[in-house]
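*Asks:* The following block contains the structure, expressed as structure tokens.
The values are calculated or read from the model by the stated rules, or taken from the named source; none is laboratory data. Here the structure is a predicted model, which means the values were calculated and not measured. All Cβ positions, even for glycine, are placed from backbone atoms using ideal geometry, and neighbour counts span all protein chains on display.
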Amino acid sequence: MPNHDLTWNTRLLYPAPDSPELEADLGSFQQLAADFRTAYFDKVAALDTGALLAAIQEYEALQTRMAKPFCYAHLLFAADSGNETYRALSQRCSELGSTLSQQLLFFDLELMELSDPRFESFCAHPEAGEYIHFLEGIRKFRPHTLKENEERLLTRKDLTGVRAFTKLFDELSASLKYRMELDGEERDFTGEELLSLLHHTSPDVRFRAMTVFLERHGEHGIVFNAVFNNMALDHGQEMELRSYRTPIQPTNIGNEIPDDAVEHLMSVTEANYGLAQEYFRIKAGMLKMDKLRNCDIYAPVAEAERNYTFAEAQELVVASYRDYDPEFGTIVDAFFTERRVDVLPRTGKSGGAFAMGISPVIPPFLLLNYTGTLRDLATIAHEAGHGLHFVISQKQKMLNYHAPLPLAETASVFGEMLLTRRLLDNEQDPVVRRSLLCAKIEDIIATTFRQTVLTRFELRLHNERGSGLLSNDRIAEIWLEENGKLYGDSVEMIPAYRWGWSYISHFIHSRFYCYSYTFAELLVLALFQKYREEGDSFKPGYRTLLESGGALSPADTARLAGIDITDGGFWQKGYNALAILIEELKLTL
Ligand SMILES: [Zn+2]
């Protein structure tokens, strides 16, 4: 029976925000952190292996205890940010969290400073195995870390440097208002609203929405130019100070993906741009246009979209997982039956969707804003996949609980594929099949090809800034060149697109993050293709991959499911899966 209470039950964590249990937890942390500091500050280098192991385990236990009340506060606030009690609790937890991390920061720094022989003798200890990856994660930045007083100085000057430019970018972007005529009436729009008009049925509306959005950015070209130039110059100087060879290297070290694997990922992607071009031509045909403009890429291909009640959606998602593995179905179903999901949009509730994995001893929760569209249905499958991953990786201890960043989207995207496959297999109507396939293919194009275009642009921007200031004409030239490689002659870029780089916040907030999307999507396409080829024998390896959480590097984790990310053929396997989807689409025409 579907459960009809669609809010989550936070009493699974604490009885109430004013309960003595919560107060006892929150009230104990300052002392625990202070005791830990007294015991280990300035002493880590001198600990013998057994004592070091005990210290790490104590640190881990502290992290596990802290996760529960902090996540509880976050859940309450996300569900109702207008509630004064929740606001106060959330504020208290964030201040306490910051105090505690300042108290405990020394431990990471001293672990980073451990000499190589000390680290090696630690690794040889029979019980140290599960902490080696955690320590490596801290130690990998050691060659690029400066002296403590230099680090402090940099952090201090960042406030008026790189962080000031980031803030300027955010404030300017958030302040932009747009005016456009729609349905005979001229009115104001937010940027989000304009971008969602790219899904409008009218070609004219799509063109004007994209043009108005980008030209408004162009009016502030002087500011965007200063932000992009200074961010790149700042990074260039820091690269020099920290002895990095290339602008992308710090990101790759953080992701634990070798430089040449990233380069290979991108060049295989570029070699497959023809697949995207083929799709764009097919789509132009479906829209009865001679040629697609880049404002038409997300145009709807069917007049009316199908809607799903939440009960239907829940059933479909659970069944997709259950068909793959009955236990996966049970785990996903438990989110609904145990009320660990908040389903409907409300005033004061946070937007979007998320899955929150708390710790290996507390069950995860999901937040949705379900309105009944196919996109929303896919979002349930996506977040349920994260939730499943969080449950299965509870085999790990806290420091290995969270999957490494490039693998964090594995179970979620895999779950979406299971759902798409189920919908396609049960759908006879070619028009509905066509919409399903287009939605999936466009999703894949956006997370693979487009992210590679963005990364190539970003690389060129950083490299060219090294030899002088870039004008907006030059930035636009690089931008259009990289996009032109993807579109070829299959898509015409509208004139305002010369400002297409200026609103992408990843460039400002998380340098070179974009290729992680390509990595994740291709990994899942390859895994899914492997599953289709191997059937049941694929399943144990995939399960082990999910179970390992963050215990291993991305390459070692992928190897558990029989995938070698350093092998050139691997990435191509993902694109072969995309080619199959495009062939399936052609059959519906
Ligand atoms: Zn996700």
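*Asks:* Quick check on region 126-140. Is at least one of its residues in contact (Cβ under 8 Å) with a residue 24 or more places away in the chain, surrounded by 15 or more Cβ atoms within 10 Å (Cβ to Cβ) and either closer than 20 Å to residue 241 by Cβ or among the basic types (Lys, Arg) (or both)?
*Replies:* Looking for residues that are in contact (Cβ under 8 Å) with a residue 24 or more places away in the chain, surrounded by 15 or more Cβ atoms within 10 Å (Cβ to Cβ) and either closer than 20 Å to residue 241 by Cβ or among the basic types (Lys, Arg) (or both), one finds at least one in region 126-140, hence yes.
*Asks:* Out of (1) of a type outside the set (Ser, Thr, Tyr); (2) crowded, with 17+ Cβ neighbours inside 10 Å; (3) under 19 Å from the mean Cα position of the chain (by Cα), what's the single condition that is false for residue 475?
*Replies:* Of the numbered conditions (1) of a type outside the set (Ser, Thr, Tyr); (2) crowded, with 17+ Cβ neighbours inside 10 Å; (3) under 19 Å from the mean Cα position of the chain (by Cα), the odd one out for residue 475 is (3).
*Asks:* Additional query: For residue 99, work out the one condition from (1) crowded, with 18+ Cβ neighbours inside 10 Å; (2) in contact (Cβ under 8 Å) with a residue 60 or more places away in the chain; (3) among the hydroxyl-bearing types (Ser, Thr, Tyr) it doesn't fulfil.
*Replies:* Every condition holds for residue 99 apart from (1).
*Asks:* Another one. Hey, does region 452-475 have a residue that's within 16 Å of the ligand (Cβ to nearest atom) and touching a Gly at 6+ places or on another chain (Cβ under 6 Å)?
*Replies:* Initially, region 452-475 is screened for residues within 16 Å of the ligand (Cβ to nearest atom), giving none.
Scanning region 452-475 turns up no residue that is within 16 Å of the ligand (Cβ to nearest atom) and touching a Gly at 6+ places or on another chain (Cβ under 6 Å).
*Asks:* Something else now. Would you check if residue 236 is over 26 Å from the mean Cα position of the chain (by Cα), in a helix (DSSP H, G or I) and in contact (Cβ under 8 Å) with a residue 12 or more places away in the chain?
*Replies:* Working: over 26 Å from the mean Cα position of the chain (by Cα): no; in a helix (DSSP H, G or I): yes; in contact (Cβ under 8 Å) with a residue 12 or more places away in the chain: yes.
Taking the combined requirement at face value, the residue does not satisfy it.
*Asks:* Is it fair to say residue 378 is in a loop (DSSP other than H, G, I, E, B) and within 16 Å of the ligand (Cβ to nearest atom)? Don't jump to the end; show me each part of the working.
*Replies:* On the way: in a loop (DSSP other than H, G, I, E, B): no; within 16 Å of the ligand (Cβ to nearest atom): yes.
Spelling it out, it is not the case that residue 378 is in a loop (DSSP other than H, G, I, E, B) and within 16 Å of the ligand (Cβ to nearest atom).
*Asks:* Which residues, taken from region 1-42, are basic (Lys, Arg) and in contact (Cβ under 8 Å) with a residue 60 or more places away in the chain?
*Replies:* Looking only at region 1-42, we keep the residues that are basic (Lys, Arg), and these are 11, 37.
Passing the criteria: only 37.
*Asks:* Somewhere in region 416-423, is a residue without any contact (Cβ under 8 Å) to a residue 40 or more places away in the chain and either of a type in the set (Phe, Trp, Tyr) or within 16 Å of the ligand (Cβ to nearest atom) (or both)? Quick ask: steps written out before the conclusion?
*Replies:* Narrowing region 416-423 to residues without any contact (Cβ under 8 Å) to a residue 40 or more places away in the chain: 416.
Applying the additional criterion that residues be either of a type in the set (Phe, Trp, Tyr) or within 16 Å of the ligand (Cβ to nearest atom) (or both) yields 416.
For region 416-423, residues without any contact (Cβ under 8 Å) to a residue 40 or more places away in the chain and either of a type in the set (Phe, Trp, Tyr) or within 16 Å of the ligand (Cβ to nearest atom) (or both): present.
*Asks:* Out of all the residues in region 206-225, is one or more under 28 Å from residue 408 (Cα atoms) and free of Cβ contacts under 8 Å to residues at least 40 places away in the same chain? Explain how you work it out, then say what you get.
*Replies:* Of the residues in region 206-225, the ones under 28 Å from residue 408 (Cα atoms) are none.
Scanning region 206-225, I find no residue that is under 28 Å from residue 408 (Cα atoms) and free of Cβ contacts under 8 Å to residues at least 40 places away in the same chain, so the answer is no.
*Asks:* Still on this structure: Listed residues 556, 567; which is modelled with pLDDT under 90 and more than 17 Å from the chain's Cα centre (by Cα)? Give the derivation first.
*Replies:* Values: 556 fails: modelled with pLDDT under 90.
None of the others qualify; the one that does is 567.
*Asks:* Still on this structure, I have one more. Might you let me know whether region 383-399 holds any residue that is within 13 Å of the ligand (Cβ to nearest atom), surrounded by 19 or more Cβ atoms within 10 Å (Cβ to Cβ), modelled with pLDDT of 95 or more and farther than 23 Å from residue 552 by Cβ? Write out each step before concluding.
*Replies:* Applying the first criterion (within 13 Å of the ligand (Cβ to nearest atom)) to region 383-399 yields 383-390.
With the extra rule that they be surrounded by 19 or more Cβ atoms within 10 Å (Cβ to Cβ), the set shrinks to 383-390.
From the residues that got through so far, the ones that are modelled with pLDDT of 95 or more too are 383-390.
If we keep only those that are farther than 23 Å from residue 552 by Cβ as well, we get 383-384.
Within region 383-399, one or more residues are within 13 Å of the ligand (Cβ to nearest atom), surrounded by 19 or more Cβ atoms within 10 Å (Cβ to Cβ), modelled with pLDDT of 95 or more and farther than 23 Å from residue 552 by Cβ.
*Asks:* Same structure again: Can you find a residue that is in contact with an Asp or Glu (Cβ under 6 Å, 6 or more places away or on another chain), in a helix (DSSP H, G or I) and closer than 30 Å to residue 316 by Cα anywhere in region 58-79? Break it down stepwise before answering.
*Replies:* Applying the first criterion (in contact with an Asp or Glu (Cβ under 6 Å, 6 or more places away or on another chain)) to region 58-79 yields 69, 79.
Among the residues that remain, those that are also in a helix (DSSP H, G or I) are: 69, 79.
Next cut, closer than 30 Å to residue 316 by Cα only: 79.
Yes.
*Asks:* For region 401-415, what are the residues that are of a type in the set (Phe, Trp, Tyr) and within 15 Å of the ligand (Cβ to nearest atom)?
*Replies:* Our first condition is that a residue be of a type in the set (Phe, Trp, Tyr); within region 401-415, this holds for 401, 414.
Residue satisfying the conditions is 414 alone.
*Asks:* Oh, and also: Looking only at helices (runs of 4 or more DSSP H) that lie completely in region 480-569, which have at least 1 residues being farther than 30 Å from residue 195 by Cβ and of a type outside the set (Asp, Glu)?
*Replies:* Working: elements: 506-509, 514-534, 539-547, 554-559.
Hits in region 480-569: 514-534, 539-547, 554-559.
*Asks:* Go through region 420-444 residue by residue and tally those that are within 20 Å of the chain's Cα centre (by Cα) and either of a type outside the set (A, V, I, L, M, F, W, C) or over 21 Å from residue 385 (Cα atoms) (or both).
*Replies:* The total comes to 3.
*Asks:* Filter region 320-375 down to the residues that are crowded, with 19+ Cβ neighbours inside 10 Å and charged (D, E, K, R), then identify the one that is farthest from the ligand (Cβ to nearest atom).
*Replies:* Here the answer is 339.
*Asks:* Sticking with this structure for a sec: Considering each of 122, 106 in turn, give the residue that is buried (at least 19 other Cβ atoms within 10 Å of the Cβ) and assigned to a helix (DSSP H, G or I). Before the answer, list the steps.
*Replies:* Details: 106 fails: buried (at least 19 other Cβ atoms within 10 Å of the Cβ).
Just one listed residue meets the conditions, 122.
*Asks:* So which residues in region 440-461 are closer than 16 Å to residue 416 by Cα, surrounded by 18 or more Cβ atoms within 10 Å (Cβ to Cβ) and of a type in the set (A, V, I, L, M, F, W, C), if there are any at all?
*Replies:* 441, 444, 445
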